[in-house]
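Structure record follows, encoded as structure tokens.
The values are calculated or read from the model by the stated rules, or taken from the named source; none is laboratory data. No experiment lies behind these values; they were computed from the predicted model shown. Methodologically, a virtual Cβ is constructed for each residue, glycine included, from the backbone with ideal geometry; neighbour enumeration extends over all protein chains shown. Please note that ligands, DNA and RNA were not included when accessible areas were found on the heavy atoms of the full protein model with its side chains. Shrake-Rupley method; radii C 1.70, N 1.55, O 1.52, S 1.80 Å.
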Amino acid sequence: MVACTDRNPDRYTIEAPELILEVLSPSTERIDRSEKFAAYTGLASLQVYVLVHQSRRQVEMFRRSTGWQPEVFDEGRLELPEVGAGLDIGELHSRIDLTEA
């Protein structure tokens, strides 16, 4: 999670996240896509929700500005101007052996 504020009550809690990034696994994917997606997109502060696949080079991004419509990436750079950052998709998956997937 990323928050662009220091109004968090302690170092383990973020009250107003602007970016949430989840790594999908077979055991969590259903909950990440349904229950968590619904809860997170209901947060007024959240601008971007990102799902990173652990078994293939793929990232799904949902932005408030597009009505939470999915954008799917398998290469290049994921730009996150909402939080002043970006992520290289290859770097996200650099330590994963995708040949076993």
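Couple of notes before you dig in:
- Backbone geometry of segment 44-52 corresponds, through the Karplus equation with coefficients 6.51, -1.76 and 1.60 at θ = phi - 60°, to 3J(HN,Hα) couplings of 4, 7, 5, 10, 9, 10, 10, 10, 10 Hz, x marking Gly and Pro.
- If the chain linking GLU79 and SER94 were pulled fully straight, counting 0.36 nm for each residue of separation and taking away their Cα-Cα distance, it would gain 3.6 nm.
- Förster radius 35 Å - calculated FRET efficiency between ALA16 and GLU71, Cβ distance, rounded to 0.05: 0.90
- Residue-level accessible surface for ARG64, protein heavy atoms, 1.4 Å, Å²: 80
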